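Asks: One structure coming up, written as structure tokens, with questions to follow.
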Amino acid sequence: MTNTKSSQSSIYARRIKDVMSSDVVTLRVNDTVHSALVLMGENRVSALPVVDKQNRCVGILSTSDLVDMTRDVDDDLYHLDLVDPTSRRFLLDKLAHSMGAEPVQSFMSEAVNTVGADTTLGHAARLMLHNQVHHLPVIDDQEQLIGIISTMDVLAEFADAAPN
């Protein structure tokens, strides 16, 4: 029993650098929502950090941001029910095309919680829970992006440390 308790407490002390993904796909503020969706699909990720020219994280675009965007559009589309089906399809296609051309800066979350590589897994888990986020960009001392950690990464570590 002591051994299990020891392994459980050590999981909280594990460092982000041992768990994070260091091969991070990123966006720039002027990239389009369409290109962001393509990158998310190709890389099977649900969030992309947005970086500046110095590779500093200035935002994050997640599927939650995109869901919020579609919710806003859905409110606008309510009035299209009064339009005939052909006009409705044309207007929807036009709206989808114009929204896809919007820069990610219009929809990204700018208030980004970040962590350092030496942050403990326990602290990162508390930060995610407290701020209700699923991804934390990992930055170095110069505030440059060096990785990302997700709730799935954290959950996998806790699951691996659990007794059988």
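Values in this text are rule-based calculations from the coordinates and carry no lab data. As the structure is a prediction and not an experimental result, all values here were calculated from the model. Please note: Cβ atoms are built from the backbone with ideal geometry, for glycine as well, and neighbour counts cover all protein chains shown.
Asks: For Glu110, Glu157, which order do you get if you count the other beta carbons within 10 Å of each Cβ and list the fewest first?
Replies: Glu110, Glu157
Asks: Based only on other Cβ atoms within 10 Å, what is the fewest-to-most ordering of Val104, Val25?
Replies: Val25, Val104
Asks: Measure off 7 Å from each Cα along the Cα-to-Cβ vector at Arg15 and Lys53, then give the distance between these two points in nanometres to one decimal.
Replies: 3.3 nm
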